[in-house]
Structure formats: structure tokens, C-alpha cells
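See structure below.
The values are calculated or read from the model by the stated rules, or taken from the named source; none is laboratory data. Keep in mind that what you see is a predicted model, and the values were worked out from it rather than measured. Glycine also receives a Cβ, built like all others from the backbone with ideal geometry; neighbour counts cover every protein chain displayed. Heavy atoms of the whole protein, side chains included, go into the accessibility calculation; ligands, DNA and RNA do not. Shrake-Rupley method; radii C 1.70, N 1.55, O 1.52, S 1.80 Å.
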Amino acid sequence: MTQTNSRVIRVHPNDNVAIVVEQGGLAEGTIIEGGITTTMAIPQGHKVALVKMAEGDQVVRYGEVIGTTLVAIASGSHVNETNVQLPTAPALDELPLATREITAVEPLEGYTFEGFRNPDGSVGTKNVLGITTSVQCVAGTVDYVVQRIKHELLPRFSNVDDVVGLNHSYGCGVAINAPAAIVPIRTLKNIALNPNFGNEIMIIALGCEKLQPSTLLSDRPVRIYENTQAADPEANVLSLQDDSFQGFGEMVEGILAMAERHLERLNRRQRETCPASELVVGMQCGGSDAFSGVTANPAVGFATDLIVRAGGSVMFSEVTEVRDAIHLLTPRAIDEQVGRALIEQMAWYDDYLSQGQADRSANPSPGNKKGGLSNVVEKALGSVIKSGNSPIVDVIGPGERLRRKGLTFAATPASDFICGTLQLAAGMNLQVFTTGRGTPYGLAMVPVLKVSSNSTLGKRWHDIIDLDAGRIATGDASIEEVGWELFLLILDVASGRQQAAADRLGIHNDLVLFNPAPVT
Ligand code: CA
């Protein structure tokens with residue numbers, strides 16, 4: 001599909017623009033593909049016109065229209081956000097649903113990883129004590145106790161990888177009964193069930209907050225910690241305002257005692273050989289550039305199809321980066337119901353943005369544009385390639401848990417940290433993150449593998465990037481080769497045989513909840 005020479009890359013034969021591959025960009029007067037001469041300097045990752053275009057002509061990339069020209073553009077000129085107009089988004093009421101024929105794919109058998117199997121049947125890739133919090137008020141105390149646990153308790157529980165306080169900004173001062181409050185509430189509830197926490201639930205509450213801990217545990221029996229003298233050994237919720245605590249020291253002792261019981265159980269977890277069908281991988285991109293859709297995301301898409309063929313679960317997300325390519329996705333829905341669910345998520349987000357008097361042009365970021373992405377249509381076309389070619393078997397809303405194996409669209413904002421938080425709630429046990437501009441993003445709860453879209457970044461950030469897909473642009477590797485490398489790397493990291501760069505360096509981002517409901 002890809003035509004490459006040393007200077008530019010054209011993805012689809014119908015494209016009338018190509019991407020500059022050359023490191024440092026192209027100087028004015030450079031002869032490229034088809035004998036075209038550049039009329040000006042064009043930076044690396046940016047688009048060059050392969051034909052002469054009149055004002056109002058369509059600009060085509062990935063074989064799709066990414067906009068119309070605002071002015072006449074000479075062949076060999078720079079095409080960017082200043083001379084291309086954003087087209088209207090595809091109408092949601094006339095999309096083809098589940099129209100693509102589902103062809104049988106060859107199952108991929110024999111691939112395994114060493115994971116931690118949980119009582120609920122899920123499989124973890126790390127062994128972590130996750131301490132849920134019901135409100136931001138307790139975050140400082142939890143941070144303090146987490147440090148104490150790391151120094152005083154963890155050395156005795158060598159099978160446990162880490163302890164993480166699941167701090168957030170929610171819990172009080174919010175319209176807790178507003179319909180949209182279901183999103184942050186179910187997110188917190190479901191994160192606690194992430195496979196890497198081994199089904200051990202431990203909640204630190206304040207006492208007077210709007211988000212009562214019982215809400216986070218509504219469908220499971222729970223014991224509340226009530227008295228330090230006769231502490232219930234099975235209590236999983238501790239409120240700092242509990243009358244029995246005389247001062248901070250006793251609160252800390254209470255939390256340490258509760259943590260110790262969970263650590264004892266977690267420490268008995270052992271890795272066992274699990275089929276690759278137990279992988280639950282979240283795909284995400286952040287800090288994209290024009291290479292993302294040519295190198296990293298197609299390689300990720302290839303790995304997506306491998307995981308699906310192996311019987312595993314993959315989710316892709318980021319509504320605002322899917323919206324403009326939705327016409328390419330609804331035909332891939334496994335049935336009309338799933339197709340309609342996709343459209344419902346798009347429509348919900350259209351409304352959400354319009355209520356805030358924003359529109360989809362708020363994406364891409366200035367860095368995306370500097371990286372050569374002119375608008376959200378171009379970004380979306382390059383982004384959805386992460387979903388590979390598999391049928392879409394299910395759609396879940398923000399903060400919901402995954403229900404089916406195969407490829408699911410998990411609706412989330414495109415914001416890296418919010419998408420990551422929601423994919424954690426959906427139950428991912430590993431995340432793949434592609435980046436072109438570069439971000440040191442990582443999560444403490446699950447391994448995050450970072451794939452660079454260009455080798456300039458891959459080399460400059462040699463110790464932060466896990467896999468360089470930029471070799472596809474330079475012709476040093478194919479999409480299939482990098483896709484297989486990523487698949488095998490996922491199995492190694494899921495097994496604990498190899499560490500993700502973010503874990504090796506200890507760089508981990510905060511949880512950030514999506515709260516579409518009012519704050520009071
Ligand atoms: Ca993102």
C-alpha cells in the first residue's frame with residue numbers, strides 16, 4: 001500500500017499529497033517523486049503537494065478527503081492548516097451499519113504469557129496493591145501511607161510489585177446525582193477491579209463526602225472498619241473520621257494494618273502460563289505527528305489483529321479522533337446494534353462538545369500541527385488505523401467494563417491521561433501508546449509500551465521509547481515486521497520478563513477522571 005522513496009511517502013495511490021520523510025525536512029528546489037520540485041522549504045512530517053491544486057480542490061490523504069484548499073497551491077508546495085479548510089464531519093444518520101462481510105481469519109495459536117490469574121477469572125500482568133480513595137480530601141494521607149508501606153511492608157512481600165494510591169479530584173463538591181455523574185463513579189468502582197490488583201479491594205474514605213464508599217461497593221458485600229480495638233479482620237473500608245482514631249498516627253496505623261492483610265494475600269499470587277487470549281490491551285496515541293498514521297499506528301493495527309486472532313481483547317478509544325473516520329468504522333461493526341452503539345457514542349460527544357461551545361476543531365493540538373497534522377480529519381484517519389482490520393464486536397461507554405473478547409470501541413475523550421484512566425477502568429492489563437512528538441507518559445497500574453512514529457524521536461528518546469516504528473518510513477522494516485515485534489514485546493512485558501521503559505524509569509502519570517457532570 002505504501003510507496004516509499006528516500007524523501008517522501010505517499011500512503012494511497014489516490015493521494016495528491018505526500019509526507020516528507022527526510023530528516024531535517026526538504027530544502028526549496030529539492031526534486032522528489034515524479035520529478036516534482038519543492039517550491040519552498042517543507043519540514044519533516046509535513047505535506048507536499050504532488051499536483052497543482054486550484055482554490056476549493058480536495059486534498060486527499062489515506063485515499064480520503066482531509067479538506068479543501070483555501071487558495072491555489074502549486075505542485076511542490078507546503079500543504080498545512082493555513083491553506084486547507086476542515087470539511088464537515090460525516091452525518092451520523094446515514095452511515096452504513098455492519099455492511100462489511102465478515103471473513104474468517106486464521107486463529108493464532110500457541111502464544112502464551114506468564115500472568116497472575118485472579119479469582120474472578122481475569123489475568124493480571126503485575127501484582128499491585130491498589131488503594132481506592134473515595135474523595136480527594138484523603139489523597140495526602142494516602143500518599144503518606146503509601147510511602148510508609150513501600151518502606152516498611154513491601155520488603156516483606158517480595159511477590160508484590162508495587163502499592164499505588166488511586167487518588168483523584170472527585171468525591172465531593174460535585175453534583176453526585178446528576179445523570180452524567182455515573183461516569184466518574186463507575187470509573188472509580190471499575191478501576192478497583194482492574195486485573196492487576198488481584199481482586200483485593202481496599203478503600204480509604206473521609207466520612208462526610210458525597211461519594212460514600214458504599215456506592216463504590218454496591219454490588220458486593222463489604223465490611224467497614226469501625227473500631228481500632230476490635231478491628232474486623234475482613235474490613236475493606238476505612239474512614240479517617242472514624243471516632244475511634246485518636247489523631248493522625250492511629251489513622252496511619254489502621255491503614256497499615258489493613259494494607260498488610262491485603263499484601264499477605266497478594267503475596268501468594270504466582271505467575272502461571274496463560275494463553276494470549278487473556279491479554280486485554282488498550283491502544284492509545286498521544287502527541288501524534290504526520291508519521292503516526294503511516295508507521296506506528298498501522299504497526300499497532302497489525303498487532304491488534306494478531307491479538308484478536310489469538311482470542312484476546314483489544315480496545316481503541318478517543319472519540320474526537322474517531323468521529324471524522326466514523327464512516328470507515330460503522331461498516332466494521334459485527335451487527336447493526338453495535339453499529340448504532342458506535343453512532344450513539346459519537347452523538348453523545350457531539351452534544352457534549354456543543355454544550356461547552358467547543359467543536360472538534362479544538363483538536364489537534366499546536367504540537368500536532370507543528371508535526372504536520374493539518375486538522376482533526378487527517379489526525380482521525382491516521383488514528384483509527386490502530387484498530388487494525390478486525391470486526392468491532394462491542395462498544396462500551398466511558399468508565400464501563402469490557403464485556404467481550406475481540407475488538408471493542410471503548411468511548412473516551414482523546415486526552416491521554418483521561419483515556420488511560422478509562423481504559424484502566426475497562427480492565428486493560430497492558431497499554432500500547434504511540435507518539436510522534438514524544439511524551440514520557442506512563443501508568444503505575446499497568447505496563448505502558450511506547451511506540452515512536454519516527455526514528456528521530458526513537459533515537460533522541462532511546463531510553464523512554466520501547467519500540468521505534470519510524471523504521472517503516474525509512475524502509476528499514478515493514479508494518480508487518482514491526483507489528484510482530486510489538487506483539488512479542490507485549491507478551492514479554494505481560495510476563496514480567498521485560499520492563500516497559502516507563503516502569504524501569506519510574507515515570508507514572510496521575511489518574512484523571514472524566515466528569516461530564518456539574519461541579520458544585
Ligand atoms: Ca490520546
Whichever residue in segment 396-421 is crowded, with 24+ Cβ neighbours inside 10 Å and within 11 Å of the ligand (Cβ to nearest atom) and, among such residues, is modelled with the lowest pLDDT: 414
Pairs with Cβ under 8 Å, 6+ apart, first in segment 308-334 and basic (Lys, Arg), second within 13 Å of the ligand (Cβ to nearest atom): 323/376; 323/380
Any hit, segment 326-336, residues being within 16 Å of the ligand (Cβ to nearest atom), part of a helix (DSSP H, G or I) and of a type in the set (Ser, Thr, Tyr): no
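Checking the conditions here, which among 153, 211 is assigned to a helix (DSSP H, G or I), at pLDDT 95 or above, open to solvent by less than 20 Å² (accessible area, probe 1.4 Å) and assigned by TED's automatic domain parsing to the domain that holds residue 259?
On the way: 211 fails: assigned to a helix (DSSP H, G or I).
Being assigned to a helix (DSSP H, G or I), at pLDDT 95 or above, open to solvent by less than 20 Å² (accessible area, probe 1.4 Å) and assigned by TED's automatic domain parsing to the domain that holds residue 259 holds for just one of 153, 211, which is 153.
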Identity of the residue in segment 284-300, within 16 Å of the ligand (Cβ to nearest atom) and not in a loop (DSSP other than H, G, I, E, B), that ends up surrounded by the fewest Cβ atoms within 10 Å (Cβ to Cβ): 284
Test result for residue 430, open to solvent by less than 10 Å² (accessible area, probe 1.4 Å), touching a strand residue (DSSP E or B) at 6+ places or on another chain (Cβ under 7 Å), assigned by TED's automatic domain parsing to the domain that holds residue 495 and within 16 Å of the ligand (Cβ to nearest atom): no
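Considering each residue of segment 302-323, count those that are within 15 Å of the ligand (Cβ to nearest atom) and either of a type in the set (S, T, N, Q) or in a helix (DSSP H, G or I) (or both), and give that number. Break it down into steps so the answer makes sense when it comes.
First, the residues of segment 302-323 that are within 15 Å of the ligand (Cβ to nearest atom): 315-323.
When the remaining residues are screened for being either of a type in the set (S, T, N, Q) or in a helix (DSSP H, G or I) (or both), the result is 317, 319-321, 323.
So the count comes out to 5.
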Residue tally, condition within 15 Å of residue 286 (Cα to Cα) and touching a residue at least 60 places away in the same chain (Cβ under 8 Å), over segment 449-466: 4
Long-range neighbours under 9 Å by Cβ, at least six apart or interchain, first residue at positive phi within segment 413-436, second away from the ligand (no atom under 11 Å from the Cβ) and open to solvent by 10 Å² or more (accessible area, probe 1.4 Å): 427/122; 427/190; 427/193; 427/280; 427/401; 427/402
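Among the listed residues 439, 435, which satisfies the condition of being within 16 Å of the ligand (Cβ to nearest atom) and surrounded by fewer than 23 Cβ atoms within 10 Å (Cβ to Cβ)?
Working: 435 fails: surrounded by fewer than 23 Cβ atoms within 10 Å (Cβ to Cβ).
Exactly one of 439, 435 is within 16 Å of the ligand (Cβ to nearest atom) and surrounded by fewer than 23 Cβ atoms within 10 Å (Cβ to Cβ), namely 439.
Please pick out the residue among 183, 128, 145, 164 that is under 25 Å from residue 352 (Cβ atoms) and touching a residue at least 40 places away in the same chain (Cβ under 8 Å). Break it down into steps so the answer makes sense when it comes.
Numbers: 128 fails: under 25 Å from residue 352 (Cβ atoms); 145 fails: under 25 Å from residue 352 (Cβ atoms); 164 fails: under 25 Å from residue 352 (Cβ atoms).
Answer to the selection: 183.
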Pairs where the first residue, in segment 259-280, is open to solvent by less than 20 Å² (accessible area, probe 1.4 Å) and the second is small (Gly, Ala, Ser), C-beta under 6 Å, 6+ apart: 266/198; 274/115; 276/310; 276/312; 279/312
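Can residue 309 be described as assigned by TED's automatic domain parsing to the domain that holds residue 360 and more than 30 Å from residue 374 (Cα to Cα)?
Yes; evaluated as a whole, the condition is true for this residue.
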Flag for residue 350 being more than 30 Å from residue 21 (Cβ to Cβ) and more than 16 Å from the ligand (Cβ to nearest atom): yes
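Which of the residues that make up segment 92-117 are in a loop (DSSP other than H, G, I, E, B) and of a type outside the set (A, V, I, L, M)?
96, 99, 100, 101, 103, 106, 107, 109, 110, 111
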Members of segment 422-436 found to be at pLDDT 95 or above and not hydrophobic (A, V, I, L, M, F, W, C), listed by number: 423, 427, 429, 431, 434, 435
Selected residue (criterion: farthest from the chain's Cα centre (by Cα)) from residues of segment 309-318 that are hydrophobic (A, V, I, L, M, F, W, C) and buried (at least 24 other Cβ atoms within 10 Å of the Cβ): 314
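Here's the yes/no breakdown for (1) crowded, with 20+ Cβ neighbours inside 10 Å; (2) outside the structural domain of residue 242 (by TED's automatic domain parsing); (3) in a loop (DSSP other than H, G, I, E, B):
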{"site": "160", "(1), (2), (3)": "yes, no, yes"}
{"site": "163", "(1), (2), (3)": "yes, no, no"}
{"site": "168", "(1), (2), (3)": "yes, no, yes"}
{"site": "171", "(1), (2), (3)": "yes, no, yes"}
{"site": "185", "(1), (2), (3)": "yes, no, no"}
{"site": "207", "(1), (2), (3)": "no, no, yes"}
Test: residue 378 is crowded, with 24+ Cβ neighbours inside 10 Å and of a type outside the set (Ser, Thr, Tyr): yes
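Output the number of residues of segment 153-179 satisfying the condition of being within 17 Å of residue 519 (Cβ to Cβ) and either of a type in the set (Val, Ile, Thr) or touching a Cys at 6+ places or on another chain (Cβ under 9 Å) (or both). Reasoning before the result, please.
Taking segment 153-179 first, the residues within 17 Å of residue 519 (Cβ to Cβ) are 168-179.
Narrowing further to those that are either of a type in the set (Val, Ile, Thr) or touching a Cys at 6+ places or on another chain (Cβ under 9 Å) (or both): 171-172, 174, 176.
The number of residues fulfilling the criteria is 4.
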